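Novice: Handing you a structure now.
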Amino acid sequence: MRLEKRVVLVTGGAKRIGRSLALGLARRSANVVVNYRYSSEDAEAAVREIHALGGEALAVPGDVSNASDVDRMVHAALERFGRIDVLINNAAVYFKTPFAHLTETDWDLIFGINLKGTFLCAHAVAPGMIERGEGKIINFADWAGMRPYRDYLPYCVSKAGVVALTQALAQELAPAIQVNCIAPGPILLPEDVDEAERETIIRATPLKRLGSPEDIIQTVLYLIEGTDFVTGGTYLVDGGRFIA
């Protein structure tokens, strides 16, 4: 699938990796729908930047864990562009949840956005893709979904669920839609990570450096433009953290 004039919906597209993806795909002449939950100013800024590049973009609010919000988001995208060719399920939450203090509210929030939201968005866009006979869905997991670490139990389990969901959707939606998953490692560290923690992470990474959003963009481009014959796969972009 060539990206030129295709319509890409990026959930959580206002900030961090999502924003980088929205801009990177716009540079490939895609029309981009930037979903956000609270970050309206960031989303509108991303849209303005895409317009400055000569592209078309739309910012759409919506909580991906809420089916009504997802339906409204998809309807807005279809009303503007008439189709959705690629869905990138990037929206996620990540925060420390030590087991002794883990609450049901934490669990439901993390699973609602990271896993349920991924399903709801795929379920909403798939019928149109099937009708046209083609489409791409790219989900975002995490290397920790396959190698969990302490103090982030629901996050790690939710991302393991994204891997399993990707495999199941690939079966359900074939042959029209290819569904794949990217599992990043240390790309953009949380803002509260200090220099000592940063160096510890780099030392624990076999490639001895952090990745960049460009590493993610290139992997997404491969899954969209590079091949139409892979589905159900999980692609580690983690500098070797999974094997360390």
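The values are calculated or read from the model by the stated rules, or taken from the named source; none is laboratory data. Since we're looking at a predicted model, the values are computed, not measured. So basically every Cβ, Gly included, is an ideal-geometry build from the backbone, and we count neighbours across all protein chains shown. Quick note on the areas: whole protein, heavy atoms, side chains included, nothing else; ligands and nucleic acids left out. Shrake-Rupley method; radii C 1.70, N 1.55, O 1.52, S 1.80 Å.
Novice: Quick one: ranking Arg2, Arg241 by accessible area, 1.4 Å probe, largest first, what do you get?
Specialist: Arg2, Arg241
Novice: Still on this structure: Taking the full set of protein chains and a 1.4 angstrom probe, give the accessible area of Leu165 in square angstrom, rounded to the nearest 10.
Specialist: 30
Novice: For the Cα atoms of the chain, what angle does the longest principal axis make with the long axis of helix 117-132, in degrees from 0 to 90, nearest 10?
Specialist: Taking the Cα atoms of the chain, the angle to 117-132 is about 30 degrees.
Novice: Sort Glu104, Glu191, Glu49 from largest to smallest accessible area, using a 1.4 Å probe on the heavy atoms of the protein chains.
Specialist: Values: Glu104 140, Glu191 170, Glu49 70 Å².
In descending accessible area the options line up as Glu191, Glu104, Glu49.
Novice: Follow-up question, since we're still on this one. Any idea what the alpha-carbon Rg over 2.2 N^0.38 Å comes to for the range 1-107?
Specialist: 1.15
Novice: Something else: Give me the dipole magnitude in Debye, nearest 20, for the chain about the Cα centre, with unit charges on the beta carbon: positive for Lys and Arg, negative for Asp and Glu.
Specialist: Its charge dipole is roughly 520 debye.
Novice: Something else: What ³J(HN,Hα) values, in whole Hz, does the Karplus curve 6.51 cos²θ - 1.76 cosθ + 1.60 give for the range 87-97 when θ = phi - 60°, with x put for Gly and Pro?
Specialist: Rounded to whole hertz, the list is 10, 10, 7, 9, 4, 6, 10, 8, 7, 5, 9.
Novice: Hey, another quick one. Please list, by residue number, every one of the chymotrypsin sites (Phe, Trp or Tyr not before Pro) in the range 157-244 that is coil in DSSP and has at most 16 other beta-carbon atoms within 10 Å.
Specialist: Filter output for the range 157-244: Phe229.
Novice: Got a number for the accessible area of Ser212? Probe 1.4 Å, square angstrom, nearest 10.
Specialist: Its accessible surface works out to 40 Å², give or take rounding.
Novice: If you stretched the chain out fully between Glu197 and Arg83, how much longer would it get, using 0.36 nm times the residue separation minus the C-alpha to C-alpha distance?
Specialist: Details: separation 114, 0.36 × 114 = 41.04 nm, distance 4.36 nm.
Separation in residues times 0.36 nm, less the Cα-Cα distance, equals 36.7 nm.
Novice: Determine by what factor the alpha-carbon radius of gyration of the chain differs from 2.2 N^0.38 Å, reporting the quotient.
Specialist: On the way: Rg = 17.2 Å, N = 244, 2.2 N^0.38 = 17.8 Å.
Against the compact-globule rule of thumb, the ratio is 0.97.
Novice: Right, next: Using alpha carbons only, how many degrees (0 to 90, rounded to 10) separate the axis of helix 16-26 from the longest principal axis of the chain?
Specialist: Tilt of helix 16-26: around 30 degrees.
Novice: Out of the range 15-102, which chymotrypsin sites (Phe, Trp or Tyr not before Pro) are coil in DSSP terms and have no more than 15 other C-beta atoms within 10 Å?
Specialist: For chymotrypsin sites (Phe, Trp or Tyr not before Pro) across the range 15-102 that sit outside H, G, I, E and B with at most 15 neighbouring Cβ atoms in 10 Å, the list reads Tyr38, Tyr94, Phe95.
Novice: For the range 48-123, give the magnitude of the charge dipole about the Cα centre (Cβ charges: +1 Lys/Arg, -1 Asp/Glu; no others), in debye to the nearest 20.
Specialist: 140
Novice: Can you pull the percent of Cα pairs in the range 57-131 with separation above 19 Å?
Specialist: 40
Novice: Nearest 500 deg cm²/dmol is fine: what mean residue ellipticity at 222 nm does the chain get from its DSSP H runs of n ≥ 4 alone, each adding -39,500 (n - 2.57), divided by its residue count?
Specialist: One gets -13500 deg cm²/dmol as the mean residue ellipticity at 222 nm.
Novice: Something else: Just the accessible area for Lys96, please: 1.4 Å probe, Å², rounded to the nearest 10?
Specialist: About 120 Å², ignoring ligands and nucleic acids.
Novice: With each pseudo-label sitting 7 Å past Cα toward Cβ, what's the Leu109-Glu214 distance in nm, one decimal?
Specialist: That separation, rounded to one decimal, is 3.5 nm.
Novice: Measure nothing but the geometry: give the 0 to 90° angle between the long axis through the Cα atoms of 67-81 and the longest principal axis through the Cα atoms of the chain, rounded to 10°.
Specialist: Result, in degrees: 50.
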